Protein chains: 4
Amino acid sequence: MKGTMKAARIFVDWEPREGSQLGSREIAGKVALAGNKFWRNPRVEIVREAMPRIGPTEALIKVKACGICGSDVLMAASDEEGYTRYGYIMSNGAIIGHEFSGEIVAMGEKIAEYQRRIGQEVLKVGTPVTAQCVINCGFCEKCKEGKFDECWLTEERGFSLDGAMAEYTVADLRHIYSLEDLSQRYSGEELFLAGALIEPLAGVYKALVTVAGSLNPGDNAVVIGGGPIGLAGVAMFKAIGAATVILFEPSSGRREIARTMGADYAFDPGEVNLTEVVLELTKGIGAKIYLEAAGVAASVCSDIDSLFKAGEAGSKLVLMGHGDENAMVCTETLIGGYNVVVGSHGHSGVWRNVIRMVATGLIDPRKMITQKIALEEAPEWLTILRSNKEEGKVVVVF
Amino acid sequence: MKGTMKAARIFVDWEPREGSQLGSREIAGKVALAGNKFWRNPRVEIVREAMPRIGPTEALIKVKACGICGSDVLMAASDEEGYTRYGYIMSNGAIIGHEFSGEIVAMGEKIAEYQRRIGQEVLKVGTPVTAQCVINCGFCEKCKEGKFDECWLTEERGFSLDGAMAEYTVADLRHIYSLEDLSQRYSGEELFLAGALIEPLAGVYKALVTVAGSLNPGDNAVVIGGGPIGLAGVAMFKAIGAATVILFEPSSGRREIARTMGADYAFDPGEVNLTEVVLELTKGIGAKIYLEAAGVAASVCSDIDSLFKAGEAGSKLVLMGHGDENAMVCTETLIGGYNVVVGSHGHSGVWRNVIRMVATGLIDPRKMITQKIALEEAPEWLTILRSNKEEGKVVVVF
Amino acid sequence: MKGTMKAARIFVDWEPREGSQLGSREIAGKVALAGNKFWRNPRVEIVREAMPRIGPTEALIKVKACGICGSDVLMAASDEEGYTRYGYIMSNGAIIGHEFSGEIVAMGEKIAEYQRRIGQEVLKVGTPVTAQCVINCGFCEKCKEGKFDECWLTEERGFSLDGAMAEYTVADLRHIYSLEDLSQRYSGEELFLAGALIEPLAGVYKALVTVAGSLNPGDNAVVIGGGPIGLAGVAMFKAIGAATVILFEPSSGRREIARTMGADYAFDPGEVNLTEVVLELTKGIGAKIYLEAAGVAASVCSDIDSLFKAGEAGSKLVLMGHGDENAMVCTETLIGGYNVVVGSHGHSGVWRNVIRMVATGLIDPRKMITQKIALEEAPEWLTILRSNKEEGKVVVVF
Amino acid sequence: MKGTMKAARIFVDWEPREGSQLGSREIAGKVALAGNKFWRNPRVEIVREAMPRIGPTEALIKVKACGICGSDVLMAASDEEGYTRYGYIMSNGAIIGHEFSGEIVAMGEKIAEYQRRIGQEVLKVGTPVTAQCVINCGFCEKCKEGKFDECWLTEERGFSLDGAMAEYTVADLRHIYSLEDLSQRYSGEELFLAGALIEPLAGVYKALVTVAGSLNPGDNAVVIGGGPIGLAGVAMFKAIGAATVILFEPSSGRREIARTMGADYAFDPGEVNLTEVVLELTKGIGAKIYLEAAGVAASVCSDIDSLFKAGEAGSKLVLMGHGDENAMVCTETLIGGYNVVVGSHGHSGVWRNVIRMVATGLIDPRKMITQKIALEEAPEWLTILRSNKEEGKVVVVF
């Protein structure tokens, strides 16, 4: 397509920290697997540029909504020495944004050919879609085993490759998911708002259901942290049969949202004793599953340890929140109680199920949205969100 | 306790069918593992008799509610030759009834001693309780492995041992479950109505979650048959994250109940083409899990086969409905589609989770109750329900 | 590469049976999803032709060994009306052969580029390799979920696309597996013989471990049928911790091979009562897992039913053997015993693990080889094997 | 039975450490859940005493072999302040010993009655048997769910109740396992030596197979520590299909035993770099499962962390070795790699499978025996083994 578009790009300077080892991917110079060891002086700019082109299996998507993720905030933030605070894969000059939805405006010729072969026209101009941000290589041993999140050469939309915080974006057929199912419940902007938040739900689904092996319906669940991941965790737990869901989150606003999304209880961890509250509300048996979504594993691990010991055996701690410090695990507690600690961060393979959960009303992710902003406001909000821990989800709408 | 009570007892005559082989248990003469091969002329009578005595680890329970199960109806019904229609474990003279709730009125001395040792007074006079009907032996290899439903010497409350369709019943500490948790949501008769229906929910939980390995949240589900097991299946599916739940049931009344319990769609299988309807409502992918709760596996297997073939690979058929005929399984369909057929009938090990699901409102089993009757009406209703396939659950209240 | 090569191609005539419905794939006219409904007069010819060309992510492989699979025999055989006996995906003119090993002789330019990026030179000229026969599309919903065996547009090497019964073959990086690990145990021709049989082992691994959820170590196992799949099943069961493995197979030669591959017992099913033998050797508990690898599910289902009933609850029947008839499943047996029936046929995602099992000596698939033949002999052996049910695996060596 | 017998009893003095909180079980004064907080001055004495009596469901067993476990050594050892070093359940005056085998010499009358009912005479005078050491209460919620190892009121044979390091011992039908199957492979003393070591194998089976969810056959495995648990781990890994099993153990004697039990490699961790060795031998992918059986989780956790990071995603660390220090877990490593840390210590529910594994030769636990001693030598060996870390298993034979 001809014409120009606006996009939010992040720019950084290549200044490897002393002692940083360059792997095969850093040597190429365009991507750092651990951004905060290589990239300095991050700044996000709204640029006007030519429309992107699409390849034969790609679609051009008019973006309708794009959420701001905590990792977007970290990429754009710098530490005392000026390095980006984001510790994962990241390139210079990428369009940011990976929680998005939009409408197809053009498709490469191979997509039509493919759809003829399967006998279904799943995608066409006008179809509402989203796309995953894990862009796996397709050739490594992990990709050959269908474990795309563990790809040896993974790229990420909105981090190392161009993302969706722009008027238009491009995605390959391999990564696109139709949001047509959402139309049975939502329409107009509401559909696109819900659709943009499939991504964070997919991450939580992958962690809780696929990686951690889910809970048994009727188990109790605890969520540490009521940011978007924690809120998605609350809703997911309730949708899959958790009996009592207890959230710990300092912000009263987020606690309020959590209650609308299914939390039976929501506490300020500064005002209660986490261990005592959980034991009391669960009548002494504790939760069978704990989701750490605040990046404070190091701080809460003694509480979890107490709960593992006091509560029922066979409980799990699921780590999703990135944080600088490491958690201390009481070896004897795990041995004595058959407890499990496990982490997760990806989202491949679960999108259709998540979309159906939203389409049928099991989860309404729009409830976590507290701000709808324009693209031009994104840089400012990336700054605001460094310190503001009251908002739910901030979404750029187009 | 002194005094007398009323109870519904079933009486049958020992007339082994020609050719019936007596196993070690039948030889003792009091119990038949396959009732319909040994017991004739079943009749249910309301008798007045002495109160039962309790042993040191037993509790005497004042019954408040007791549901009529399909197997109660079958026990009391006879075929053309006068044999009971019930094909499982059954004794002469047992008090029937196994879906019950009540209040503790007395406890054996070892229960108090036990509660001192654990430091919790879980049970006391006045505590609302239910009890499982599987009475496992505790000594066989399966009991030693914790697989109580597979016990080699199992007895069943209300079938081979005295049950709960009586003013009072007795249960051992090993099989009692407190219903105290229900009081956070229910009180009075409502609590006991909900509590009496934990048993059918436990059977469905065991089948769908434990034995069949659950679904992935966001999968679609189909239920064949809207009797109490099918209705419980609808509610369970929805509570554990099924996207779309479709019920097939001839009775319009039951279909209506199913909708209130979570069915997204409910059809009369005589009026629609099952395969077509499921494919249409699931956009061609079918359900990932099918619950057969009508005892018509033989009739629906060609539909399931078509759905296995047309829908997504890796689907499951869970058999719970007893029926006389066997199902034909297309070998090539299972091989081609990685499909699974599995059956289940027990309920051990899942009760606390089910109670928490009801206590926290994930499932409200009271919705399936269509009749509350007096004990004296039970024999009549056992007759009515042979042909009446419109009622939901009929519950004897005290 | 220049020059010519010899290859075994299958030719068939497009004559859809009356009433056969053409799907989107048959309409294109080159591939039939159910060969036996469309293709007539199959004949295999050894042709001399130009060397194949490779694309940028493909490798040219000098074939060293290629096993004859039962499906090769079926493709080349015709029924009374002249139609091929093979009921799955099949094209006219394809080079047959999909159980193979060989040595890389040339690679497309993108493979080197890819290897630079991952920093490992896994493949180079001279590397011994094999490749899977499932050629998934990469774009459908199943491929996006990593479930390649369930691909909507799957092609199969040696069936719908050119296979490996030829002096040279081509495979894409997405489907190639290095056999370098085998060199720690094998060298020369022995390595390639072992490597050619990774494919049937992968099918058995997928069925028993991935799809059927494995056994618990120390469980007993039964295999019906001692052809290559059954023999692979025997070896796999033993390697993953089966206590007693019992094979039923009419050929005494195959029974002898089975014993060398790990069968504790091997019987002629015509000479013993399957049910009795299994119950006796397992002391009444039966097997926890049954592999049907003979395509006789319909005939053995009453035996399996008896064993399900007499043996321990929670047993599984895994169907792998293609057959014309359908199996009758006793609904009540499955319900009463929590038994499972499941099928499987693919092999994606498990190859590296299988290769390591062979490389470390857990399984030696060479033991099933009874004939090493030249390419020119392949057509004759495809005929011989229609009736000869005595051979283990026949392998074309180059 | 009349007469007297010799037994090894442990005596300790009740001197709660300052600040130790007494729970409901300590208050009774006979059992401490954490021995090292209450019991002082441990000493083991060989006493002559009256034969034990049996209850109606119990058997009197003439002990033939009883292994010394690391926990026996810890019970009998004291720290600087004189407290026992054993941190789990322990009573004053108990006969120690829980890894045993023997022969039934008498049975309570209910056992015969029970066997009549099941129609099998599994146990009789002369039957070789063993028994589990977990003596669960049978009444708590966990026992009602079949999770005996998690019993709220558990007792342990040889710790809080009389064990088997004596000429005779008593066990209840609920906990006895026949060793008759072993006679297909072993006879005389050899059978009893193998039978005495079912217990440590059961602990390892429970940890690796049941709790940790096993490995995928063909995965690599690492064992830290070559004491009896580590050696059992090596044998178990190999028996269930581990490709390469690597042991780290300082004692050359134990390393040698490990090789005979299935270790592909065995290293002195003081002489090699654990991380480097594992990566080299696994060609960079690491192990999928690590068993910590040395009680040094705190020391090896940085190695495991490096291996988690460098190796394949989805790896597991299984903790079995008791140690004083806690392990540091890198939160980001678990999140980044979907890694799991889990602990285990019990053994209920897996005994029959383990016995079959030994009976069919999948594991020969006799290989770990390095000393056969007389009962009178047990006290001395309990002292020797405090410092001697060279022996495999020391077994008291009768």
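The values are calculated or read from the model by the stated rules, or taken from the named source; none is laboratory data. Here the structure is a predicted model, which is why all the values come from computation and not from measurement. As a convention, Cβ positions derive from the backbone with ideal geometry for all residues, glycine included, and neighbour counts pool all protein chains shown. Calculation scope for accessible area: heavy atoms of the full protein, side chains included, ligands and nucleic acids excluded. Shrake-Rupley method; radii C 1.70, N 1.55, O 1.52, S 1.80 Å.
Scan the range B:377-390 and tell me whether some residue there is in contact (Cβ under 8 Å) with a residue 12 or more places away in the chain, at the interface with another protein chain (Cβ under 8 Å from one of its Cβ atoms) and among the hydroxyl-bearing types (Ser, Thr, Tyr). For the range B:377-390, residues in contact (Cβ under 8 Å) with a residue 12 or more places away in the chain, at the interface with another protein chain (Cβ under 8 Å from one of its Cβ atoms) and among the hydroxyl-bearing types (Ser, Thr, Tyr): absent. Of all the numbered requirements in (1) open to solvent by 50 Å² or more (accessible area, probe 1.4 Å); (2) touching a Phe, Trp or Tyr at 6+ places or on another chain (Cβ under 8 Å); (3) among the hydroxyl-bearing types (Ser, Thr, Tyr), B:Thr370 misses one, and that requirement is (2). Against the list (1) out of contact with any helix residue (DSSP H, G or I) (no Cβ under 7 Å at 6 or more places or on another chain); (2) without any contact (Cβ under 8 Å) to a residue 24 or more places away in the chain, the condition B:Arg117 fails is (1).
Does the range A:360-380 include one or more residues that are in a strand (DSSP E or B), closer than 22 Å to D:Leu319 by Cβ and at pLDDT 95 or above? Walk me through how you get there before you give the answer.
Step one: list which residues in the range A:360-380 are in a strand (DSSP E or B), which gives A:369-373.
Those left that are additionally closer than 22 Å to D:Leu319 by Cβ: none.
So far as the range A:360-380 goes, no, none of its residues is in a strand (DSSP E or B), closer than 22 Å to D:Leu319 by Cβ and at pLDDT 95 or above.
Output the residues belonging to the range C:101-127 that are of a type in the set (Asp, Glu) and under 27 Å from the mean Cα position of the chain (by Cα). Answer for the range C:101-127, where residues must be of a type in the set (Asp, Glu) and under 27 Å from the mean Cα position of the chain (by Cα): just C:Glu103. D:Arg356 falls short on exactly one of the conditions (1) of a type in the set (Lys, Arg); (2) at the interface with another protein chain (Cβ under 7 Å from one of its Cβ atoms); (3) more than 20 Å from D:Leu201 (Cβ to Cβ), and that condition is (3).
Could you tell me which residue of the range B:297-315 is surrounded by the most Cβ atoms within 10 Å (Cβ to Cβ), considering only residues that are under 24 Å from the mean Cα position of the chain (by Cα) and at the interface with chain C (Cβ under 9 Å from one of its Cβ atoms)? Checking each candidate, the answer is B:Ala297.
Of all residues in the range B:138-159, those being in contact with a Lys or Arg (Cβ under 8 Å, 6 or more places away or on another chain) and either without any contact (Cβ under 8 Å) to a residue 60 or more places away in the chain or not aliphatic (A, V, I, L, M) (or both) number 12.
Close Cβ contacts (under 7 Å, 6 or more residues apart or on different chains) running from residues in the range B:61-88 that are under 20 Å from B:Met368 (Cα atoms) to residues that are in a helix (DSSP H, G or I) and open to solvent by 10 Å² or more (accessible area, probe 1.4 Å) comprise B:Lys64/B:Phe192; B:Ala65/B:Phe192; B:Ile68/B:Trp381; B:Ile68/B:Leu385; B:Val73/B:Leu385; B:Val73/B:Arg386. Within the range B:43-71, the set of residues being open to solvent by 20 Å² or more (accessible area, probe 1.4 Å) and in a strand (DSSP E or B) comprises B:Arg43, B:Val44, B:Glu45, B:Ile46, B:Val47, B:Arg48, B:Glu49, B:Ala50, B:Glu58, B:Lys62, B:Lys64.
Residue-wise test of (1) touching a residue at least 12 places away in the same chain (Cβ under 8 Å); (2) open to solvent by 10 Å² or more (accessible area, probe 1.4 Å).
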| residue | (1), (2) |
| --- | --- |
| C:Val204 | yes, no |
| C:Leu208 | yes, no |
| C:Ala235 | yes, no |
| C:Arg259 | no, yes |
| C:Gly262 | yes, yes |
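Residue check: is C:Glu249 away from chain D (no Cβ under 14 Å) and without any contact (Cβ under 8 Å) to a residue 12 or more places away in the chain? Against the criterion (away from chain D (no Cβ under 14 Å) and without any contact (Cβ under 8 Å) to a residue 12 or more places away in the chain), C:Glu249 does not qualify. When A:Val350 is tested against (1) more than 14 Å from chain B (Cβ to nearest Cβ); (2) open to solvent by less than 30 Å² (accessible area, probe 1.4 Å); (3) in contact with a Lys or Arg (Cβ under 6 Å, 6 or more places away or on another chain), exactly one condition is not met: (1). Remark: C:Glu180 matches the filter, which requires a residue to be within 13 Å of another protein chain (Cβ to nearest Cβ) and touching a residue at least 24 places away in the same chain (Cβ under 8 Å). Among the conditions (1) closer than 30 Å to D:Val129 by Cβ; (2) within 14 Å of chain C (Cβ to nearest Cβ); (3) open to solvent by 10 Å² or more (accessible area, probe 1.4 Å), the only one that D:Ile363 does not satisfy is (3). In this structure, A:Gly284 does not satisfy being buried (at least 18 other Cβ atoms within 10 Å of the Cβ) and within 14 Å of chain B (Cβ to nearest Cβ). Just one of the listed residues (B:Gly343, B:Gly336, B:Gly323) is surrounded by fewer than 23 Cβ atoms within 10 Å (Cβ to Cβ) and within 27 Å of the chain's Cα centre (by Cα), and it is B:Gly323. When C:Asp268 is tested against (1) within 12 Å of another protein chain (Cβ to nearest Cβ); (2) charged (D, E, K, R); (3) open to solvent by less than 40 Å² (accessible area, probe 1.4 Å), just one condition goes unmet, and that condition is (1). Restricting attention to the range D:1-42, the residues that are within 14 Å of chain B (Cβ to nearest Cβ), more than 23 Å from D:Val170 (Cα to Cα) and open to solvent by less than 50 Å² (accessible area, probe 1.4 Å) add up to 4. Exactly one residue out of D:Asn220, D:Asn216 is crowded, with 24+ Cβ neighbours inside 10 Å and within 13 Å of chain C (Cβ to nearest Cβ): that is D:Asn220.
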